[in-house]
Ligand SMILES: [Zn+2]
């Protein structure tokens with residue numbers, strides 16, 4: 001999911017958009033929820049290894 005989100009981020013950056021829909025990175029592989037974030041918020045999440053993009057009510061077990 002992170003790779004897809006990174007691609008989304010790159011595309012959005014190229015279009016000059018301020019925010020967009022990113023994919024939920026919860027444990028459910030079939031999850032297709034999206035989370036609306038600004039590019040700055042997404043960048044803030046991805047620069048911290050212990051944080052993931054999550055839709056409300058979804059949980060990720062990516063605790064190191
Ligand atoms: Zn999810």
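The values are calculated or read from the model by the stated rules, or taken from the named source; none is laboratory data. All figures in this text were calculated on a predicted structure; none of them were measured in a lab. Positions of Cβ are backbone-derived with ideal geometry, glycine not excepted, and every protein chain shown enters the neighbour counts.
Filter the range 34-62 for residues that are within 16 Å of the ligand (Cβ to nearest atom) and either in a loop (DSSP other than H, G, I, E, B) or touching a residue at least 60 places away in the same chain (Cβ under 8 Å) (or both) and give the result.
Listed by number, the residues that qualify are 51, 52, 53, 54, 55, 56, 57, 58, 59, 60, 61, 62.
Within the range 1-33, being within 16 Å of the ligand (Cβ to nearest atom), surrounded by 15 or more Cβ atoms within 10 Å (Cβ to Cβ) and in a strand (DSSP E or B) holds for 22, 23. So residue 26 passes all but one of these: (1) modelled with pLDDT of 95 or more; (2) within 21 Å of residue 57 (Cα to Cα). Which condition number does it fail? Result: residue 26 fails condition (1) only.
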